[in-house]
Amino acid sequence: MATSAIYSGNVRTGRSRKLATPKTGGGYRELFAASPQARIAMIRQGVPAIEAKRLVQALGVEQKVFYQALGLKTATVNRKITQSEQLASDESERLLGVARLIGQVEAIVAESGDPKGFDAPEWLSRWLREPLPALGGTPPMALLDTMEGQAMVAEALARIQSGAYA
């Protein structure tokens, strides 16, 4: 499964640049490690709508299911893709939040295991769909439509790394 970057801004400065990919020095892990100020700048600038489609492909989930989980309207995203538009800031924030979760998984594996051959988007995609006892049996994907929910999902991932109950 191919990985792609999700952001259109430089994670250090928040300035617009050509899309980064893991091969060109950017990617999910860099987004995870970026400063809050840089991510805020990217959110305010808006993420190109095409990045929603790229994230769907990286995760290997059905477009409609993923967009619904993020509270995005499929028709709106597709229209914005066709017109080469940016997502609104609230949409961009939720999309970047999921990309940041992939970066968190990549960082966990790099710190605690062997990242060689590990496909973080594929792993996260499966994990997001499984009911999680630490979330009251709710699949993490059901929480991706709000930033509070995404924070809970990120915390559950952090607990996995520490070996705590997740």
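Observations on the model:
- Taking each residue of segment 127-151 that is of a type outside the set (S, T, N, Q) and in a helix (DSSP H, G or I) and looking for partners that are open to solvent by 40 Å² or more (accessible area, probe 1.4 Å) and at pLDDT below 95 with beta-carbon atoms closer than 8 Å, six or more apart or interchain, yields Pro133/Tyr165; Ala134/Arg159; Ala134/Tyr165.
- With respect to being of a type in the set (Ser, Thr, Tyr), at pLDDT below 95 and surrounded by fewer than 21 Cβ atoms within 10 Å (Cβ to Cβ), Thr76 falls outside the description.
- In this structure, Pro139 does not satisfy being of a type outside the set (D, E, K, R), open to solvent by 10 Å² or more (accessible area, probe 1.4 Å), farther than 15 Å from Phe32 by Cβ and in contact with a Gly (Cβ under 7 Å, 6 or more places away or on another chain).
- Verdict on Ser8 being modelled with pLDDT under 95 and touching a Gly at 6+ places or on another chain (Cβ under 6 Å): no
- Residue within segment 14-23 that is at pLDDT 50 or above and open to solvent by 80 Å² or more (accessible area, probe 1.4 Å) present: no
- Filtered residue count, segment 110-136, keeping only those that are open to solvent by less than 40 Å² (accessible area, probe 1.4 Å) and of a type in the set (Ser, Thr, Tyr): 1
- Every test in (1) closer than 16 Å to Leu59 by Cα; (2) touching a helix residue (DSSP H, G or I) at 6+ places or on another chain (Cβ under 6 Å); (3) surrounded by 15 or more Cβ atoms within 10 Å (Cβ to Cβ) is passed by Ala107 save one, and that test is (1).
- Taking helices (runs of 4 or more DSSP H) as the structural unit, those lying wholly within segment 21-125 and holding at least 1 residues that are free of Cβ contacts under 8 Å to residues at least 60 places away in the same chain and more than 26 Å from Pro139 (Cβ to Cβ) correspond to 36-45, 50-59, 74-82, 89-112.
- Selection within segment 52-66 - open to solvent by 70 Å² or more (accessible area, probe 1.4 Å) and in contact with a Phe, Trp or Tyr (Cβ under 7 Å, 6 or more places away or on another chain): none
- In segment 62-69, the count of residues that are modelled with pLDDT under 95 and under 12 Å from the mean Cα position of the chain (by Cα) is zero.
The values are calculated or read from the model by the stated rules, or taken from the named source; none is laboratory data. Everything numeric here is computed off the predicted structure, so don't read it as measured data. Methodologically, a virtual Cβ is constructed for each residue, glycine included, from the backbone with ideal geometry; neighbour enumeration extends over all protein chains shown. Keep in mind that these areas ignore ligands, DNA and RNA; they rest on the heavy atoms of the full protein, side chains included. Shrake-Rupley method; radii C 1.70, N 1.55, O 1.52, S 1.80 Å.
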